[in-house]
1. If you place +1 on the Cβ of every Lys and Arg, -1 on the Cβ of every Asp and Glu, and leave all else neutral, what size is the dipole of the stretch 11-101 about its Cα centre, to the nearest 20 Debye?
2. On a C-alpha basis, how far is the centre of the stretch 237-257 from the centre of the stretch 151-178 in Å? Whole number, if you could?
3. Any idea how far apart LEU78 and ARG247 come out in nm if each label point goes 7 Å out from Cα toward Cβ?
4. Starting at the first residue of the stretch 148-153, write each ³J(HN,Hα) from the Karplus equation 6.51 cos²θ - 1.76 cosθ + 1.60 with θ = phi - 60°, in whole Hz, x for Gly and Pro.
5. Can you give the direction-averaged projected area of the convex hull of the alpha-carbon atoms in the stretch 157-214, in nm²?
Amino acid sequence: MRNRRRLLSSDDSTREIWPSFTDVMSTMALILFVLVLLAYVRSLIAARQLQAFQRQIVASEQQLRDVRAQLATGRAELDASKAELRAQQGVIAESNRQLDTVKSQLQSIAVLRVSVLNKVKQAIEAEVGSSGDGGAALVTVGDSGNIVINESLVFEYGSYAIKPEARPLLDTLARAFGRILDDADVRANIDTILIQGHTDERGSASFNWDLSAKRATAVLNYLFEANKTLADSYGSYFAASAYSKFRPLDAARTEEAYQRNRRIEISVIPRDDNVRKVIDDYVQNVAATPLPSSPPAR
């Protein structure tokens, strides 16, 4: 009886242990399944990330190829631009050379004008001196480049009759112009030798216009009478003009200013056609110079 009770007790313990073991095994199997599932999910995610990374690598390689192609195109365009710049620099250098030539030619025409006037001034000073009895300069070259003869050396105040003491000066002037115009190169560049009459601002406008015109004409007539060759051979180069009071040298209202403004000016005017020819030749040369072609737009 006692043994039977012990056996029954042993069977009950066994029955209690077995369900517990089964539960443990089920739990372990469930955990293992979860771990396998997690590993599978993780592998799927990793595979997708790898594919995305591979696509990024492919895209980056394509971008790199595109950048290299753009760099190659940029280098080609830069080389073409450098070549065009060198060609344009050559054109600019040639244009500057031609422009310097034009400037030199125009300057030579301007220098000729001043040279003629200086020769006349020097001829007068060589024969009659550089100043009159009162110490005043007989002739000067003004800021305009014209020869300026003070009125008091040639005329009495308000008169257009040439003073006897002015005749040596005007005789020298006539001879000097004759010698200068004997030079064909000088004549080729001179259009007009203009004798200008100027007065001060006092007196009526009509009186001053008339007086300045008569003084300029009186000087020109005397030059032609003093040197018949000048009139016969080169008379077409001369002209007389009147400016009245309208081009004063000194705007002050003093006796000294009035005396400066009353004067005879001699101006040498270059031939316009020579100047135009120089400019036209330059324009034609520029037009005939081919410009570098621009590279096609990209």
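Every read-out reported here was derived from the displayed coordinates using simple, explicitly stated rules and does not represent laboratory data. These numbers come from a predicted model, not from an experiment. Heads up, the Cβs are rebuilt from the backbone with ideal geometry, glycines too, and the neighbour counts pull from every protein chain shown.
1. Values: 10 positive and 11 negative charges, 103 e Å.
Dipole magnitude for the stretch 11-101 comes out near 500 debye.
2. 17
3. 6.1
4. Running phi through 6.51 cos²θ - 1.76 cosθ + 1.60 with θ = phi - 60° gives 10, 10, 5, 4, 5, 7 Hz.
5. Numbers: hull surface 21.0 nm².
Spelled out: convex hull of the Cα atoms, projected over all directions, averaged, 5.3 nm².
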